[in-house]
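Notes follow the structure.
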Amino acid sequence: MNDQPRSNTRGLDCWRPLLVVAAAIVQDGRLLVVSKTAAPDVFYLPGGKPETDEEALETLARELGEELGVEPLNTRFLAEVEATAALENVPMRMTVFEAQINRTPRPAAELAHLRWIFGREQDIVLAPAVRDHVLPLLRHRGTLAPTGNSQPLPRPDEPTRPPQPRPRSAHGRMT
């Protein structure tokens, strides 16, 4: 028997990585991460596996609606990440989009928790794809705020607003 993982691409008799579509949602310099009830101590980007013949942005909209009760806005391709899926422990190819959201997210479906992080917290376990690929990319782009230098996020009863641009110095660097 072949030990390689089978992808979620149905109907094919070939072995491929697990395909996932996810959102990097950064608000006020913090990244939204979620945990699942199957592994409540490990945090991931919100998103999930595409259904048969579903396009990536369709998957993203469906998953964010099911998991968080939100709609993605202003989506832009960020990266294609290859890593080991934390829960399934198999090779994974994750298509990541930057997105804003239309309201305050609330965990639903198979989600246990959500958190907004700077990415340097010591009290959280992040999935390898987030820790080793997405966070370094967002830091390099200047998207995440330095630890402790961010406005508080809205309370659950406040509407979510689009992120505000960070000020730039005279030389174009983030301040």
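We did not get these values from a lab; they are worked out from the coordinates using the rules stated. No experiment lies behind these values; they were computed from the predicted model shown. Heads up, the Cβs are rebuilt from the backbone with ideal geometry, glycines too, and the neighbour counts pull from every protein chain shown.
In Å, what Rg and Dmax follow from the Cα atoms of the stretch 39-83?
For the stretch 39-83, the Cα radius of gyration and maximum Cα-Cα distance read 11.5, 32 Å.
Once you place label points 7 Å from the Cα toward the Cβ at Arg120 and Arg141, how far apart are they in nm?
2.0
Per residue, how big is the convex hull of the stretch 67-153 when only Cα atoms are used? Give it in Å³.
Cα-based convex hull of the stretch 67-153, divided per residue, equals 124 Å³.
Under the rule of at least 5 residues apart or a separate chain, name every residue whose amide H is placed under 5 Å from the amide H of Val42.
So Val42 has HN proximity to Lys36.
Along the Cα-to-C-beta direction of Asp41, a point sits 7 Å from the Cα; which residues of the stretch 69-97 have their amide N less than 12 Å from that point?
none
Give me the base-10 log of I(q)/I(0) for the stretch 20-115 at each q in 0.22 Å⁻¹, Debye formula, one uniform scatterer per Cα, rounded to two decimals.
Evaluating at q = 0.22 Å⁻¹ gives log10 I(q)/I(0) of -1.22.
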